[in-house]
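We did not get these values from a lab; they are worked out from the coordinates using the rules stated. Treat the numbers as computed from the prediction; the structure is a model and nothing was measured. Because the Cβ atoms are built from the backbone with ideal geometry, glycine has one as well, and the counts that use them run over all protein chains shown.
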Amino acid sequence: MSIDLKSPDLYFNRELSWLKFNSRVLAQARRKNLPPLERLKFLAIYGTNLDEFYMIRVAGLKTLFKACVQETAIDKLTPAEQLYSIHKTIHKEQKIVESTFDTILDDLKEHKVTIKCFDELSGKQQEVIGNEFFEQIYPVIMPIAIDATHPFPHLNNLSFALALKLEDKAGNIKHGLIRIPRILPRFLKVEHCYVPIENVVDHFSGELFGGLKKLASTPFRVTRNADMEIEEEEADDFLEIMEEGLRTRNRGMLIRLELREGVDEDLIKFLTTHLELDSHDIYEYKIPLNLGTFWEIVGEPSLAHLTLPTYSPKNLPPFSEDKNLFKAIEKQDVLLYHPFESFDPVVRFIQEAAKDPDTLSMRMTLYRVGPNSPIVKALIKAAKAGKQVTVLVELKARFDEENNLQWARKLEESGAHVIYGIKGLKVHAKVAQVTKRKDKKLQAYVHLGTGNYNPSTARIYTDISYFTSKPEFNNDVTKFFHFITGFSNHSELKTLTLAPEHIKPKLIAMIDHERSYKEKGHIVLKANSLVDPDVIQSLYKASIAGVRIQLIIRGVCALKPGVKNVSENIMVHSIIGKYLEHPRIYVFKHDENECYISSADLMPRNLIRRIEILTPIKEPVLAQKIKQLLALQLQDNQLSWRLKSSGEYKQVKQGDNNAINNHAILEGYMTKIHDKNQKETPEYVTQLAKKILKD
């Protein structure tokens, strides 16, 4: 009997799978073997993740629900069913969040770090905080009366405020608001005691609403639909339409209200009436709102001892021994694994090219670069010096649009040729090319990566960087830039593979080729998410044929492993730890190249709605390095979770005698190689590096 591989029973829902991922993040905050501020960090990450999920994914489902769309994906769950499950899961998880916070608070107290309400402070502490309020807070905040002549104000996305129920001398009930702007600190600090700002504002609210008696109050926070709809076909000036889109983001539909628990019912009614939200969208917490702002405490330098030790990324051979980065790339291809190996060579690749008088042209794509980018500054200098600089700045990089707009303008002003994305597609590929004049000939160098050109995130995300001067790569990269800057629709290359036309067919072809080897076949795929139905069905077919398939999927996974006669040969791992797992690595045992790195996840948006690059790693030594890194992750028994056919994730059993934490091991490995490099010959260090990683 044939098996229907399109049956919804063989797929997990994308949104519910994402919630499982965020639950694994929350589980890190509950690990007692981590320092208390490291655990608070994961609670902050959980909160910021949830904010974005609501702003984009929940908002999208609500839009579909209102449009009466009944079916959205291969799992066949309707928007209404998904929204119900999301609300149920998050409301249930609230109790875990609150108990986790309380446990972390107890552990912090042992280190004399506290989070307290104003009324819990000593008299001296209250005096310090009171002075700070009147000097730094009172001049900034404004009381807002709400009545017939003072309408309820517009609240921007993620607005944080205090709602008050008041009584005048005649006994009339009134309502008011006090907005708490983002420019103000989330906590006021006295010694190592942190006081939530809303609690201080609430205490001194009588100074703002003089002559009125406060009957009840609550801090609250609103979330809006932050997904921008850009009508690209009607855009004459793409910059202008993006700016308008950013302005509308704060006017999107309200989708969530967060309050403190135990709020006066009349005050809740006042808020929900004006905000037009139903009960499912209201979340009442016993702990401070806006979990993401706990980063203020986590990032306190004097409390660094309460987090995991900071690791300093290492510059290793050949870049550590050769002062001329480009000569090193000419001698050999180089593959780096960030953040264990430093991101500095990527920055130097652009900076040194910008300074070199022999540099003729520089080309690169920019997706998320950060607000103070040394890379963009180097490109600006290069353009001002007369070099031909071409930069594709993706203005549609979600939540980085405003930053990218500013950099795009500065690049244009410097004389660079700036492309503002491709109509109908996002350019997510990570590629940079430098062309120099050398001995009366042209020599090109290329960097291809899995992560963004952002030195800040490169310290906390794991990613792959690949440098080469080989003509076959450079020829393809040149054609790639000709494709995105001109009118050409010919995107097929000889060595590299591009989405949206060619990556997905190539991946499926490689899976099918591996399937022909049956039990001898072996596939290892590492990605952030696995959602694409066609890729999943190809993996199911390979599994049925006997191919051993190991998947390392950090986040969303719609594939259901361990199903009898379908996916018994598929194992799905998820690694959550000190660093955010971000590279996309695809390994096929019997493929002519075997190892590939990519900017593309295994999702329809990446494979058919974005411009992405799939890069073969042809050098056997570099391919072996990648396979050893994957082997280490597959053996991890400290940070790894395994997906069951039920949809639940089970943490891999932690062996006390043979603990394998791949992040800690790689930190130690790179440090050992770095230290040996200071004393030994390059040849010795290279051999040592191969041996240790293999062991």
Using +1 at the Cβ of each Lys and Arg and -1 at the Cβ of each Asp and Glu in the chain, identify which of V140, S543, N593 lies farthest towards the dipole's positive end.
N593
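Can you tell me the order of 334-343, 412-421, 133-142 when each peptide is scored by its average per-residue count of other Cβ atoms within 10 angstrom, highest first? Intermediate values should be presented prior to the final figure.
On the way: 334-343: 22.7, 412-421: 18.0, 133-142: 13.1.
By packing density, highest mean first, the sequence is 334-343, 412-421, 133-142.
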Local net charge near S342, Cβ-Cβ under 11 Å (Lys/Arg +1, Asp/Glu -1)
+1
Net +/- balance of residues flanking P357 in space, Cβ distance below 11 Å, scoring K and R +1, D and E -1:
+2
Counting Lys and Arg as +1 and Asp and Glu as -1, each charge on the Cβ, what is the dipole of segment 325-485 about the Cα centre in debye, to the nearest 20?
380
Charge dipole magnitude, Cβ of K and R +1, D and E -1 - segment 100-177, Cα centre, debye nearest 20:
220
Interchain or sequence-distant (5+) residues whose placed amide H lies within less than 5 Å of the amide H of I576 are W641
Selection from L580, C193, Y669 lying farthest towards where the dipole of the chain points positive, charges on Cβ:
Y669
Burial ordering of K494, K76, fewest other beta-carbon atoms within 10 Å first:
K494, K76
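Which pairs in the list K323/K387; K66/K560; K381/K440; K314/K440; K62/K578 are over 27 Å apart, alpha-carbon to alpha-carbon? Before the final figure, lay out each step's value.
Details: K323/K387 23 Å; K66/K560 30 Å; K381/K440 25 Å; K314/K440 36 Å; K62/K578 34 Å.
The pairs that break the limit, which is 27 Å between Cα atoms, are K66/K560; K314/K440; K62/K578.
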Ordering of 191-200, 427-436, 144-153, 210-219 by burial proxy (mean other Cβ atoms within 10 Å per residue, highest first)
427-436, 191-200, 210-219, 144-153
Each residue of segment 193-204 in turn: what ³J(HN,Hα) in whole Hz from Karplus with 6.51, -1.76, 1.60 and θ = phi - 60°, glycine and Pro shown as x?
10, 10, 10, x, 4, 5, 6, 5, 4, 4, 4, 9
Relative to the longest principal axis of the C-alpha atoms of the chain, give the angle of the C-alpha long axis of helix 533-544, reported between 0 and 90° and rounded to the nearest 10°.
60
Distance between segment 348-409 and segment 554-573 - C-alpha centres, whole angstrom
41
Separation between Cα centres of segment 411-456 and segment 3-41, rounded to whole Å:
35
Sequence order, segment 303-320: Karplus ³J(HN,Hα) from phi using 6.51 cos²θ - 1.76 cosθ + 1.60, θ = phi - 60°, Hz rounded, Gly and Pro as x, gives 10, 4, 5, 9, 10, 5, x, 6, 9, 9, x, 9, 8, 10, x, x, 6, 6
Cα-based reach from K112 at 20 Å (exclusive), listing lysines while leaving out same-chain residues under 8 positions away
K32, K41, K124, K189
Along the positive direction of the dipole of the chain (beta-carbon charges: Lys, Arg +1; Asp, Glu -1; about the Cα centre), which of F12, L34, H513 reaches farthest?
H513
Restricting to Cα pairs below 8 Å that are 6+ residues apart, what does the relative contact order work out to for segment 139-214? Please round to a whole percent.
32
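With a ≥ b ≥ c the root eigenvalues of the C-alpha gyration tensor of segment 497-660, is it rounded (a/c under 1.5), prolate (a/b larger than b/c) or oblate?
Rounded is the answer for segment 497-660, as its axis ratio a/c remains below 1.5.
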Qualifying lysines (Cα of each under 16 Å from Cα of K169; at least 8 residues distant if same chain)
K213, K214
Whole-number percent relative contact order across the chain, with pairs defined as alpha carbons under 8 Å at least 6 apart
11
In degrees, nearest 10, range 0 to 90: what is the angle between the Cα axis of helix 374-384 and the longest Cα principal axis of the chain?
70
Relative exposure of C557, C595, judged by other C-beta atoms within 10 Å (fewest first):
C595, C557
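Cross-chain or 8 or more residues apart, Cα under 22 Å: how many lysine pairs in segment 582-647 fit that? Count them up, please.
Working: K589/K618; K589/K625; K589/K627; K618/K627.
Number of lysine pairs found: 4.
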Acute angle (nearest 10 degrees) that the helix 123-132 long axis makes with the longest principal axis of the chain, alpha-carbon atoms
70
Can you compute log10 of I(q)/I(0) for the chain with the Debye formula, treating each Cα as one identical point scatterer, at q = 0.07 Å⁻¹?
-0.54
Within the chain: Cβ-based charge dipole about Cα centre, in debye rounded to nearest 20 (Lys, Arg +1; Asp, Glu -1):
2020
Sorting check: for 303-314, 470-481, 177-188, 579-590, which peptide has the highest mean count of neighbouring beta carbons within 10 Å, and how do the rest follow?
579-590, 470-481, 177-188, 303-314
Separation of the R31 and D147 label points, Cα + 7 Å toward Cβ, nm
5.6
Amide H to amide H, which residues 5 or more places from R260 or on other chains are under 5 Å from it, using H placed in the peptide plane?
Y285
If the cut-off is 20 Å between C-alpha atoms, which aspartates and glutamates fall inside it for K650, apart from same-chain ones fewer than 8 positions away?
E15, E93, E568, E581, D636
Given the rule -39500 (n - 2.57) for each run of at least 4 DSSP H residues, summed and divided by the residues of the chain, what is its mean residue ellipticity at 222 nm, to the nearest 500 deg cm²/dmol?
-11500 deg cm²/dmol
Here the relative contact order (percent) of segment 497-660, from C-alpha pairs under 8 Å and at least 6 apart, is 24
Residues with amide H under 5 Å from that of V556, placed H, sequence gap 5 or more:
L530
Give the distance, in whole Å, between the Cα centre of segment 89-126 and the Cα centre of segment 591-664.
37
When M510, M253 are ranked with the fewest other C-beta atoms within 10 Å first, the list becomes M253, M510
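From the Cα gyration tensor of segment 79-221, with a ≥ b ≥ c the square roots of its eigenvalues, which class applies: rounded if a/c is under 1.5, or else prolate if a/b is larger than b/c, or else oblate?
Note, shape of segment 79-221 comes out oblate.
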Once you sort the root eigenvalues of the Cα gyration tensor of segment 408-516 as a ≥ b ≥ c, which label holds: rounded (a/c under 1.5), prolate (a/b larger than b/c) or oblate (the other case)?
rounded
